[in-house]
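Chemist: Quick one: the structure is below, questions incoming.
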Amino acid sequence: MNNILSSSVLERIFEYLYSKTLPFEPDELLRAEYVMIVSAFDCYIHDYVREKMIDVFKEHSVMSSSTRGYKISLGTMVDIMNESNPVTQVQLLEKEIKNIESKNTYQSSRNVEKALTLIGFRKIWSTIYGAEDAMANKDQLDLIVRRRNQIAHEADMDFVTNKKNTITLEDTVYAKKFLCDLVLKIDNL
């Protein structure tokens, strides 16, 4: 969550510049912050899943079938088994998980659910929000991610008007609050 909140420095710069008479609009700062917020959330999901997997390994605790079925390379498994230092064993496993997961993004509701399934969570959205609110919150996350993708991959352009879509400080603050609240809910699972 600290990574999400650290993007607030761009809000402060935006607010300062917005209060000045400038020959340009400082909206690009909000777009940059929006992308950073979603990227920080993605990073959080990666870290959360990896840490839970490492905890299972270190504590030799009961693992879900999804965790048990997680595929790491035979080479890494042999390296871990041949290593006598438990700290180095964990480092080897952590490196392998990072390598495997670096190919995945965990931003959309479907991908977040997929990531949390890796560590044994089922029906994550109804668990977090309750059955009645699950779909609305999944949709809200997907809207935030869709807007992030518009900014990051399409320069936030409206291709009909050939102008940038409007972005407000409230848009960015809302996305940050939503994702911070979601992080807290996941942390409390």
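Chemist: Given 20 °C and 1.002 mPa s, how large is the Stokes-Einstein diffusion coefficient of region 1-63 in µm²/s, with Rh as the Kirkwood radius over Cα pairs?
Modeler: 153 µm²/s
Chemist: Based on the Cα coordinates of region 122-186, what is the per residue volume of their convex hull in Å³? Display every interim value, and only then the final one.
Modeler: Numbers: hull volume 6.7 nm³, N = 65.
So the per-residue Cα hull volume is 103 Å³.
Chemist: Work out, step by step, the length gained on full extension between Y70 and K123: first 0.36 nm times the residue separation, then minus their alpha carbon distance; give nm to one decimal.
Modeler: Numbers: separation 53, 0.36 × 53 = 19.08 nm, distance 1.91 nm.
Working it through step by step, the gained length comes to 17.2 nm.
Chemist: Could you tally the net charge around K58, taking each other residue with its Cβ under 12 Å from the Cβ of K58, Lys/Arg +1 and Asp/Glu -1? Don't skip to the end; give the middle numbers.
Modeler: Values: positive: K52; negative: E51, D55, E59, E94.
Summing Lys/Arg as +1 and Asp/Glu as -1 gives -3.
Chemist: How far apart, in nm, are two points set 7 Å out from the Cα along the Cα-to-Cβ line at E28 and at K58?
Modeler: My value for the distance between the label points is 4.3 nm.
Chemist: Debye calculation, C-alpha points only, no solvent: report log10 I(q)/I(0) for the chain at q = 0.12, 0.14, 0.16 Å⁻¹, in the same order as the q values.
Modeler: Cα-only, vacuum Debye calculation for the chain: -0.69, -0.86, -1.02.
Chemist: Between V160 and E15, what is 0.36 nm times their sequence separation minus the Cα-Cα distance? Round to one decimal in nm.
Modeler: Details: separation 145, 0.36 × 145 = 52.20 nm, distance 2.95 nm.
Answer, rounded to one decimal: 49.3 nm.
Chemist: Given a Förster distance of 41 angstrom, what is the FRET efficiency for K95 paired with D187, based on the Cβ-Cβ distance and rounded to 0.05?
Modeler: Details: r = 24 Å, r/R0 = 0.60.
Step by step, r from the Cβ atoms, then E = 0.95.
Chemist: When the accessible area of region 1-110 is computed with all protein chains present and a 1.4 Å probe, what percentage of it is carbon and sulfur? Walk me through the intermediate numbers first.
Modeler: Details: 3770 of 6690 Å².
Carbon and sulfur: 56 percent of the exposed surface of region 1-110.
Chemist: In the chain, which longest range has no trypsin sites (Lys or Arg not before Pro) that are both DSSP loop (not H, G, I, E or B) and surrounded by at most 15 other Cβ atoms within 10 Å? Write out the running numbers ahead of the final one.
Modeler: Details: sites that count: K20, K71, K103, R122, K123.
Result for the longest clean stretch: 124-189.
Chemist: For the chain, with only Lys/Arg (+1) and Asp/Glu (-1) charged at the beta-carbon, what is the dipole magnitude about the Cα centre, in debye rounded to 20?
Modeler: Dipole of the chain, to the nearest 20 debye: 420 debye.
Chemist: Using only DSSP helix segments of four residues or longer, with each worth -39500 (n - 2.57), what per-residue ellipticity at 222 nm results for the chain after dividing by its residue count and rounding to 500? Write out the running numbers ahead of the final one.
Modeler: Numbers: 10 runs with 136 residues, N = 189.
So the calculated ellipticity at 222 nm is -23000 deg cm²/dmol.
The values are calculated or read from the model by the stated rules, or taken from the named source; none is laboratory data. Remember, it's a predicted structure, so these values are computed and weren't measured experimentally. Don't worry about glycine lacking a Cβ; one is built from the backbone with ideal geometry, like all the others, and counts go over all protein chains shown. With ligands, DNA and RNA removed, areas are computed over all heavy atoms of the protein, side chains included. Shrake-Rupley method; radii C 1.70, N 1.55, O 1.52, S 1.80 Å.
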